[in-house]
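Novice: What follows is a structure written as structure tokens; I'll ask about it next.
The numbers here are math on the coordinates, done by the rules we state, and not lab data. This structure is a prediction, so every number in the text was calculated from the model and none was measured. Every residue, glycine as well, gets a Cβ built from its backbone with ideal geometry; the counts of neighbours run over all protein chains shown.
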Ligand SMILES: Nc1nc2c(c(=O)[nH]1)N[C@H]1C(S)=C(S)[C@@H](COP(=O)(O)O)O[C@H]1N2
Ligand SMILES: [Mo]
């Protein structure tokens with residue numbers, strides 16, 4: 001009888017512990033994940049931002065996804081998947097939407113590639129509240145991850161007639177004020 005009581009008591013105690021411990025455990029794990037994966041960051045965001053970021057593919061996977069079709073430099077129509085570039089800037093705490101006025105009209109964004117190639121966008125070109133065809137940060141095309149030459153991340157600047165700002169192999173986004 002005493003043995004049974006002890007078993008029941010320990011079961012109850014462990015259930016209560018598990019319930020109480022769950023949120024703390026989740027938080028601790030989230031924190032550990034951030035530091036464990038920061039070494040393999042896909043994309044850095046810095047400059048004039050509230051929150052500089054080092055994003056992993058896991059971080060990117062949490063953002064809302066967009067699919068679109070666009071004609072590449074080879075004139076072929078392709079399907080691209082990824083996140084709108086503005087989603088990255090939202091995470092970094094860059095002023096957007098109603099805040100994108102006044103002195104914030106001179107904010108611009110430098111998109112930097114692994115080969116040193118860089119292209120510039122005015123912040124207003126990225127905000128769907130402001131621009132007609134804001135660019136997509138693509139990680140896949142035709143259902144497959146982008147090739148090493150093109151990706152892992154490439155800009156699809158759908159609003160442009162030429163492809164000079166379709167930056168391949170993007171490694172960094174820098175926000176600056178003109
Ligand atoms: N990283 C990187 N991206 C780049 C370039 C570059 O030299 N380096 N060239 C740009 C130019 S000028 C064009 S026209 C397109 C060509 O796109 P494609 O590689 O799909 O043909 O890529 C753009 N993106
Ligand atoms: Mo080009």
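Novice: Kirkwood hydrodynamic radius (Cα pairs, Å) of segment 43-134? Can you show the working numbers first?
Specialist: Numbers: mean 1/r = 0.0686 Å⁻¹.
For segment 43-134, the Kirkwood estimate is 14.6 Å.
Novice: At residue 176 and residue 66, where each label point lies 7 Å from the Cα along Cα→Cβ, what is the point-to-point distance in nanometres?
Specialist: My value for the distance between the label points is 2.5 nm.
Novice: What relative contact order, as a whole-number percentage, does segment 101-174 give when Cα pairs under 8 Å and 6 or more residues apart are counted? Could you put the intermediate results ahead of the total?
Specialist: Numbers: 129 pairs, mean separation 24.4, N = 74.
So the answer I get is 33 percent.
Novice: Work out the FRET efficiency for residue 142 and residue 103 from their Cβ-Cβ distance, taking R0 = 35 Å, and round it to the nearest 0.05. Could the numbers behind the result be given before it?
Specialist: Values: r = 42 Å, r/R0 = 1.20.
In this case the efficiency is close to 0.25.
Novice: Testing the spin-label approximation: label points 7 Å from Cα along Cα→Cβ at residue 133 and residue 161. State their distance in nm.
Specialist: Distance between the two pseudo-spin positions: 1.1 nm.
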